[in-house]
Amino acid sequence: MSAGIVESRIRSWAEKRRLPKAHLGRWLALAHEDRVALLETAERLRLRTGQFVTALELLDEIALRDRESIAGVLARNEIRRILEGTGSAPGRAQSLVEQLRVACFPRLKRTIDRLRTEIAALALPPGIRVVLPVDLSSDELRIEIRASGGAELERLIGAIDRHAAGLRRIAEMLGGADEV
Amino acid sequence: MKFELDAVLIEERCRSSALAMSVVSAVAPEVEVRYVPDGREAARPLVGVRDPFGAGKRRMVVMERRAPFLMGCPAGSSEFACCGYLVLLIASNCPMDCSYCFLQEYIADNPGLQVYANYAAAFDELDRLGRSAPGRSFRVGTGELADSLAFDTLTGISRDLVEYFARRENLLLELKTKTDEIGNLLTADPRGRTLVSWTLSPTRVYESSEHRTASPASRIEAARRVLEAGYKVGFHLDPMIAYPEADHDYGELIDNLFDVVPPQRISFVSMGGLRMTPALRALARRRFPDDPMLAAGEEVLGRDGRMRSFTPLRMRLFASIRARIQRRAPEILLYLCMESASAYERVFGTMPATPAALGTRLAGS
């Protein structure tokens, strides 16, 4: 595909999706093969504007950190499987963003998975929710209780008390007391 | 190390100052020297250049400071467990160019490399500070908005500062640097009242991100030499970048440091994680598009509006390096920079001292 055709298709996609100028500028500033790979991804998965912006941010981070081109990142097996998959375009678009996020934050993903496994293993009763900080950006663990009536509240508080050791372990993991 | 300048601009009212004369006599002959009516204007970003911040680093402005010289550390906040550090502003900006440097955002509107010709006026402020709280000690540093020693061969300011502090019992001067410009220091007698500190990073970070700085090995060797000359020394592992090999690399750095500088003679080691506002991160990425360290630590946005490595990763790195340091130097004074009291407790197992108490300890260390 010639550079002129690519640019015209990018501009047309951006106009249709009302992509802000700054993001269009970043897209056009990429190397030719990266522009093309991104265009093909955006068209094939019918990315929404927000999804495109997020994907571009994540691709940019991954490419810089791993010293790889954006086209190279999009050609990775786990990404290609999504691009060439058979599901609906919106479903695959969502999977793409999720997969890029995993590639961008592999250790964060592993840590969150481990914490969620620990929380699930506690088998807390419904009405108690253990909330992790967004992106583990702090070490604060939030425990929510939703109860109707004094008896239920007392029962849930009792459950928290019985699981204190497990909850404490999760709080310690948030502070780095576990392999990352 | 010698840093290149394109021009030296001297404010008219400072034409006959000792500092201006020292710079003019020492600057390389090919560097343009000009006199300007107002240094503040000369320090503003150049128009029409691709990288105004970078251009500012090559333009020294010798000028008068119109505001107080002494201020609290700009990083200080009630959100953090702070160290009571005070900043003495005798210069602004730095000829080195670290990709992660907060000055890219903090002084974006006046990036000229300012050096204040009336710095001796700071001594009155310091005298007042020293008298303000008898029994308390203060650590005062010149390395927050500038590198303390980068242009010392031109300015010779360090000698005046060292001599002033040598006569003050409750004030400790901290000269913070990433250079090995210690020539002037070796000719002065600090009498235990000046501490020279180096920011240290593993070689991998130095090569990727710390442009025009001295190598980690040169910094460590310079520390050994000033220690022998009667100075105290301290080290800042800051910013620590939590890239996948960080634990190994920072551990190795500690070993290299302690092999050259006896740990029992080190006054303190501070640790701080890489933190950047999203705006700074965008600026840094624009100026250093090929530096993988700017995206290596899985940074996420925190409540204070800064991006840091996600908490368990960061805390684990701090704790690991704390343990590594304490294995060889159990008594060494360690502290965290720009982290909360709960982070401090997780890393050290105790609550932090108040800024005043920690400040006094560091000043007496």
Flag for residue B:246 being over 30 Å from residue A:23 (Cβ atoms), under 20 Å from the mean Cα position of the chain (by Cα) and either within 14 Å of another protein chain (Cβ to nearest Cβ) or not hydroxyl-bearing (Ser, Thr, Tyr) (or both):
no
Output the residue which, of all residues in segment B:93-123 that are farther than 23 Å from residue B:274 by Cα and buried (at least 20 other Cβ atoms within 10 Å of the Cβ), is farthest from the chain's Cα centre (by Cα).
B:117
Options A:106, A:133, A:125: the member that is surrounded by fewer than 19 Cβ atoms within 10 Å (Cβ to Cβ) and away from every other protein chain (no Cβ under 13 Å)
A:125
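Let's see how each residue does on (1) at pLDDT 95 or above; (2) over 29 Å from residue B:278 (Cα atoms); (3) in a loop (DSSP other than H, G, I, E, B):
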{"residue": "B:293", "(1), (2), (3)": "yes, no, no"}
{"residue": "B:314", "(1), (2), (3)": "yes, no, no"}
{"residue": "B:319", "(1), (2), (3)": "yes, no, no"}
{"residue": "B:331", "(1), (2), (3)": "no, yes, yes"}
{"residue": "B:338", "(1), (2), (3)": "no, no, yes"}
{"residue": "B:342", "(1), (2), (3)": "no, no, no"}
{"residue": "B:347", "(1), (2), (3)": "no, no, no"}
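Okay, residues lined up against (1) more than 25 Å from residue B:247 (Cβ to Cβ); (2) more than 8 Å from chain B (Cβ to nearest Cβ); (3) within 22 Å of the chain's Cα centre (by Cα); (4) loosely packed, with under 11 Cβ neighbours inside 10 Å:
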site: A:138; (1), (2), (3), (4): no, no, yes, no
site: A:143; (1), (2), (3), (4): yes, yes, no, no
site: A:146; (1), (2), (3), (4): yes, yes, no, no
site: A:149; (1), (2), (3), (4): yes, yes, no, yes
site: A:156; (1), (2), (3), (4): yes, yes, no, no
site: A:173; (1), (2), (3), (4): no, no, yes, no
When segment A:158-171 is checked residue by residue, the ones that are more than 14 Å from every other protein chain (Cβ to nearest Cβ) and exposed (fewer than 15 other Cβ atoms within 10 Å of the Cβ) are A:158, A:161, A:162, A:164, A:165
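Conditions (1) on the phi < 0 side of the Ramachandran plot; (2) in the same structural domain as residue A:115 (by TED's automatic domain parsing); (3) touching a strand residue (DSSP E or B) at 6+ places or on another chain (Cβ under 6 Å), marked per residue:
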position	(1), (2), (3)
A:134	yes, yes, no
A:137	yes, yes, yes
A:141	yes, yes, no
A:146	yes, yes, no
A:150	yes, yes, no
A:158	yes, yes, no
A:161	yes, yes, no
A:165	yes, yes, no
A:179	yes, no, no
Note: among A:117, A:86, just one is surrounded by fewer than 19 Cβ atoms within 10 Å (Cβ to Cβ), more than 14 Å from chain B (Cβ to nearest Cβ) and at pLDDT below 95, namely A:86
Starting from segment A:70-83, keep only residues that are in contact (Cβ under 8 Å) with a residue 40 or more places away in the chain, then list their pairs with residues that are assigned to a loop (DSSP other than H, G, I, E, B) whose Cβ atoms are within a distance under 7 Å, requiring at least 6 positions of separation or different chains.
A:70/A:30
Can you tell me how many residues in segment B:1-58 are in contact with a strand residue (DSSP E or B) (Cβ under 8 Å, 6 or more places away or on another chain) and part of a helix (DSSP H, G or I)?
11
Kindly evaluate residue B:64 against the criterion of being surrounded by fewer than 21 Cβ atoms within 10 Å (Cβ to Cβ) and either closer than 25 Å to residue B:127 by Cα or in contact with a strand residue (DSSP E or B) (Cβ under 7 Å, 6 or more places away or on another chain) (or both).
yes
Could you check segment B:321-352 and list, in sequence order, the residues that are out of contact with any Phe, Trp or Tyr (no Cβ under 6 Å at 6 or more places or on another chain), surrounded by fewer than 17 Cβ atoms within 10 Å (Cβ to Cβ) and in contact (Cβ under 8 Å) with a residue 24 or more places away in the chain?
B:331, B:341
Please indicate, with yes or no, whether at least one residue in segment A:60-78 is at pLDDT 95 or above and out of contact with any helix residue (DSSP H, G or I) (no Cβ under 9 Å at 6 or more places or on another chain).
yes
Go through (1) buried (at least 21 other Cβ atoms within 10 Å of the Cβ); (2) modelled with pLDDT under 95; (3) under 30 Å from residue B:27 (Cα atoms) one by one and return the number of the condition residue B:139 breaks.
(3)
Count, please, the residues in segment B:253-291 that happen to be within 11 Å of chain A (Cβ to nearest Cβ) and within 26 Å of residue B:322 (Cβ to Cβ).
0
Residue B:224 versus (1) free of Cβ contacts under 8 Å to residues at least 40 places away in the same chain; (2) of a type in the set (D, E, K, R); (3) not in a helix (DSSP H, G or I): which is the lone unmet condition?
(3)
Residues of segment B:301-346 being more than 9 Å from chain A (Cβ to nearest Cβ) and over 25 Å from the mean Cα position of the chain (by Cα), which ones?
B:327, B:328, B:330
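The values are calculated or read from the model by the stated rules, or taken from the named source; none is laboratory data. Just so you know, these numbers come straight off a predicted model, no measurement behind them. Counting neighbours? That spans all protein chains shown, and the Cβs are built from the backbone with ideal geometry, glycine included.
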